[in-house]
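Note sheet for the following structure.
The values are calculated or read from the model by the stated rules, or taken from the named source; none is laboratory data. From a predicted model like this one, the values you see are computed outputs, not experimental measurements. Here Cβ is always computed from backbone atoms with ideal geometry, including for glycine, and neighbour counts include all displayed protein chains.
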Amino acid sequence: MKTLRKSILMLFVGTTMFSMTSCKSFKKLTKQEKGILIGAAGGAAAGGAIGSKSKNPAVYAIIGSAVGGVAGAVIGKYMDKQADELNKKLGSVAQVERIEEGIKVTMSSGILFGFDSHKLSETSKDNLSKLATILKDYKETNIVINGYTDNVGSDRYNKNLSVKRAKEVSDYMGQMGIDSKRFTVVGYGEEFPVADNETEQNRLKNRRVELAIMANDNLKNDAAKAGASTKK
């Protein structure tokens, strides 16, 4: 088991470090962000409990950032409210999933971007504005934005394109008033597909942006205090 866990950790960290954007390299990440990304791999064993989704980087990050216990339950309630609002606001343009102590939001690049493009359409900006409105209300969270592509084109080209797509999303939401320090931007290219790339419909599914929304240090500290008070 230790060998398996170590292998998963090395694979995940290697992939993450290679995929990090040039504007925010691994060396420039805060200790908290490094903890989210590296600690996520340590939580890979727990990820097995939710099946094949555990292969997803956003899920790894969410599980790795969990604190558990009473504090985790407090954070969970915070995330429940946020997830409900996201579902109401985003409707059919995004898939919102509550996972452990976080939220995974998947926005199709068919909605966000045209083929081989990282420029946002006006419709996409409107949808991201709705997302930003909620993220602004729930300030005690950090957000990892993961970009993906289909397998058309070279690995290097797709890696760069996925970074540009994820960064385009973070830049736009920054313009909407969200503190850029809350974002970590990662591009995975054609890695981690959610469907095979044999048809255009499936390739569309793989051209996507995913967000992992997790508690920041302030929320974790407040949750720990709240948990401690309930035990007295």
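Kindly indicate whether GLY174 is closer than 22 Å to GLY102 by Cβ and out of contact with any strand residue (DSSP E or B) (no Cβ under 7 Å at 6 or more places or on another chain).
On the way: closer than 22 Å to GLY102 by Cβ: yes; out of contact with any strand residue (DSSP E or B) (no Cβ under 7 Å at 6 or more places or on another chain): yes.
Yes: the conditions hold for GLY174.
Could you please let me know if ILE63 is modelled with pLDDT under 90, out of contact with any His (no Cβ under 8 Å at 6 or more places or on another chain) and in a helix (DSSP H, G or I)? Please lay out each step first, then the result.
Working: modelled with pLDDT under 90: no; out of contact with any His (no Cβ under 8 Å at 6 or more places or on another chain): yes; in a helix (DSSP H, G or I): yes.
No: the conditions fail for ILE63.
For (1) over 22 Å from LYS130 (Cα atoms); (2) of a type outside the set (D, E, K, R), each residue gets a yes or a no:
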| site | (1), (2) |
| --- | --- |
| ALA66 | yes, yes |
| ILE75 | yes, yes |
| LEU86 | no, yes |
| GLU97 | no, no |
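Residues that are surrounded by fewer than 18 Cβ atoms within 10 Å (Cβ to Cβ) and out of contact with any Leu (no Cβ under 8 Å at 6 or more places or on another chain): which helices (runs of 4 or more DSSP H) entirely in segment 69-182 hold 2 or more of them?
On the way: elements: 69-90, 109-112, 122-137, 155-175.
In segment 69-182, the matching helices (runs of 4 or more DSSP H) lie at 69-90, 122-137, 155-175.
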